[in-house]
Number of protein chains: 2
Amino acid sequence: MTAPLGLIAGLGDLPVAIAENAVATGQGVYVLRLKGFEESRLAAFPGAVIGLGEIGKLFSLLKQAGCEDVLFAGIVKRPNFKDLKLDLRGAALLPKVLAEAGKGDDALLRLMVKEVEKQGFKVIGSDAAHAALLAPSGLVGGSAPSQAAMSDIARGAHVVAALGDLDIGQGCVVCEGLVLAVEAQEGTDAMLERCAALPETIRGTIAARRGVLVKRPKPAQERRIDMPTVGVSTVEKVAAAGLAGLAVEAGGALMLGRAEMQATAERLGVFIYGFEPGLGT
Amino acid sequence: MTAPLGLIAGLGDLPVAIAENAVATGQGVYVLRLKGFEESRLAAFPGAVIGLGEIGKLFSLLKQAGCEDVLFAGIVKRPNFKDLKLDLRGAALLPKVLAEAGKGDDALLRLMVKEVEKQGFKVIGSDAAHAALLAPSGLVGGSAPSQAAMSDIARGAHVVAALGDLDIGQGCVVCEGLVLAVEAQEGTDAMLERCAALPETIRGTIAARRGVLVKRPKPAQERRIDMPTVGVSTVEKVAAAGLAGLAVEAGGALMLGRAEMQATAERLGVFIYGFEPGLGT
């Protein structure tokens, strides 16, 4: 009998897709849902709910469940560390956590991976657990990007790579050379919504689409934990913002529900494109 | 008799302060308000309203008024160049404008300066016309920043310098090492408003202020045209977002209504700080 996948889960479609896939492949799954970020669709799987500061409990539950591979997936906002309920091991780890958290998200994620691996678990990425999620290269859905859109993809790819070097975010929106918006802690959806509120002179509209959403991982990023993810709702928000399409780094982003994404892109008249990892770096 | 200042004006407090100062010093002013961005408080000054594409008219009006120095000030959004009403000279300039606009805002602004200077005018910055507007060094208002706030200022100064290299924007918000938001085309006010909507765990509140708004010019920026500007409403929005204060590059930003800014900062319990130009570069 194989060891079940240990899934440390936040909110969203990604942890659900991972859990369902682990069951479908016969590996099985043990889901630790994080308090404050409990995804209701995961309640049906074997597992437990644990607090963000219950690190000792996290390790012992994963061991009791017989897990070997551990995977982090789903949306979790950084807590206010002062308010966390800590168990003994959580308290012992807190000074390190605070030191790394002050350096940015990347440092914090790297620390989490390191501490889990110290316990003898192997941390794997969503792409390793479910390879079909990985974004392919080239046109994925809709009609091929125009020359203007390809230029915007190249500029966006460069901008996001540079933002990533600063540990800021994974996305931006570019329209005919102009960077309309940059993603930080608000997330992709909020960024797309504010693009729709910009003056129509500098952005596209549903009648005359212009501009591209570009997402790619940070260069120094712990890809096993924090891979950029797009899904049907991303395609819908890209369309609503009057953009021509969305582009992600091939092999550097996850696509959730690809067939439905493709159908949505066709229906709404936007493209989905996977650019080469070397672009703009 | 001195030649009146030629003021090409968009919206906001800055062109009003410049016009009032030019009158107060005895130089006088001739104001060209840009169609679509007519600041009502400027209607009382001598001048005219002209369209963004009426370049020939702009030059001839400035010459008729006897202007020598020309100053660009105020908020103007980039137009959709396809919809502009062009006069003959505007039409002749359009291919160049489109080529530079595709490279970003900086290239476009540099082209505007160059074309105005080709006509024999001297383009001057708001700081040259009204030196008292320039941000000083050190504490300007409120209580001195904490050590955590000083670290956030340093990180923000570095981030905005890097963003400027990419011709993206002039501001960001940092809270205890984490970049909460980055400013692009939406402007500073919208950025501050979305910080107030982030989870309280990663940001400050009015009861427990944390984090800093940082603004500085882009390194390659045409400072004569597009200097970052802060005023009373900036201080109010910084306070409403739960931030500890705002910091700008000393000598690299304009402060509008400094006495009122200081009083507002005192009243709301936030700081105003001018950091050294070398910080974070």
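The values are calculated or read from the model by the stated rules, or taken from the named source; none is laboratory data. If you're wondering where the values come from, they're calculated on a predicted model, not measured in any experiment. Because the Cβ atoms are built from the backbone with ideal geometry, glycine has one as well, and the counts that use them run over all protein chains shown.
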task = Looking at (1) within 21 Å of residue B:202 (Cβ to Cβ); (2) outside any loop (DSSP other than H, G, I, E, B), find the lone condition where residue A:48 falls short.
result = (1)
key: Condition broken by residue A:151, with the remaining ones in (1) within 12 Å of another protein chain (Cβ to nearest Cβ); (2) closer than 28 Å to residue A:107 by Cβ satisfied   = (2)
message = Tell me yes or no: at least one residue of the stretch A:162-179 is assigned to a helix (DSSP H, G or I), within 9 Å of chain B (Cβ to nearest Cβ) and buried (at least 16 other Cβ atoms within 10 Å of the Cβ).
response = yes
query = Checking residue B:53 against (1) over 18 Å from residue B:225 (Cβ atoms); (2) in a helix (DSSP H, G or I); (3) touching a helix residue (DSSP H, G or I) at 6+ places or on another chain (Cβ under 6 Å), which single condition isn't satisfied?
reply = (2)
query = Does residue B:20 satisfy the condition of being of a type in the set (Asp, Glu) and surrounded by fewer than 21 Cβ atoms within 10 Å (Cβ to Cβ)?
reply = yes
message = Could you check the stretch B:97-127 and list, in sequence order, the residues that are modelled with pLDDT of 90 or more and of a type in the set (Lys, Arg)?
response = B:114, B:118, B:122
note = Taking the stretch B:127-136 and keeping residues in contact with a strand residue (DSSP E or B) (Cβ under 8 Å, 6 or more places away or on another chain), buried (at least 17 other Cβ atoms within 10 Å of the Cβ) and either facing chain A (nearest Cβ under 10 Å) or not small (Gly, Ala, Ser) (or both) leaves B:127, B:133, B:134
ask   = Which of the residues belonging to the stretch B:70-101 are more than 25 Å from residue B:14 (Cβ to Cβ), in a loop (DSSP other than H, G, I, E, B) and aliphatic (A, V, I, L, M)?
value = B:86
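Quick check on my filter: what residues within the stretch A:137-148 are surrounded by fewer than 20 Cβ atoms within 10 Å (Cβ to Cβ), closer than 30 Å to residue B:98 by Cα and either small (Gly, Ala, Ser) or at the interface with another protein chain (Cβ under 8 Å from one of its Cβ atoms) (or both)? Steps first, answer last, please.
Of the residues in the stretch A:137-148, the ones surrounded by fewer than 20 Cβ atoms within 10 Å (Cβ to Cβ) are A:137-139, A:143-144, A:146-148.
Next cut, closer than 30 Å to residue B:98 by Cα only: A:138-139, A:143-144, A:146-148.
Result: A:138, A:143, A:144, A:146, A:148.
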message = If I filter the stretch A:188-203 for residues that are under 30 Å from residue A:58 (Cβ atoms) and either more than 8 Å from chain B (Cβ to nearest Cβ) or surrounded by 19 or more Cβ atoms within 10 Å (Cβ to Cβ) (or both), do I get at least one hit?
response = yes
message = Quick check on this structure: which one of B:278, B:269, B:242, B:257 is over 17 Å from the mean Cα position of the chain (by Cα) and at pLDDT below 95?
response = B:278
remark   = Sole miss for residue A:159 among (1) surrounded by 19 or more Cβ atoms within 10 Å (Cβ to Cβ); (2) in a helix (DSSP H, G or I); (3) more than 10 Å from chain B (Cβ to nearest Cβ) is condition (3)
inquiry  = Tell me yes or no: at least one residue of the stretch A:207-221 is in contact with a Lys or Arg (Cβ under 9 Å, 6 or more places away or on another chain), within 14 Å of another protein chain (Cβ to nearest Cβ) and not in a strand (DSSP E or B).
reply    = yes
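Might you check whether a residue that is farther than 25 Å from residue A:168 by Cβ and either more than 14 Å from every other protein chain (Cβ to nearest Cβ) or of a type in the set (Val, Ile, Thr) (or both) occurs anywhere in the stretch A:97-115? Step through it out loud before you land on a result.
Taking the stretch A:97-115 first, the residues farther than 25 Å from residue A:168 by Cβ are none.
No; the residues of the stretch A:97-115 include none that is farther than 25 Å from residue A:168 by Cβ and either more than 14 Å from every other protein chain (Cβ to nearest Cβ) or of a type in the set (Val, Ile, Thr) (or both).
Can you name the residue in the stretch B:24-43 that is part of a loop (DSSP other than H, G, I, E, B) and touching a residue at least 40 places away in the same chain (Cβ under 8 Å) and, of all such residues, is surrounded by the most Cβ atoms within 10 Å (Cβ to Cβ)?
Keep residues of the stretch B:24-43 that are part of a loop (DSSP other than H, G, I, E, B), which gives B:25-28, B:35-39, B:43.
Now restrict to residues that are touching a residue at least 40 places away in the same chain (Cβ under 8 Å): B:36-37.
Working: B:36: 15, B:37: 18.
Among those residues, the one meeting the criterion is B:37.
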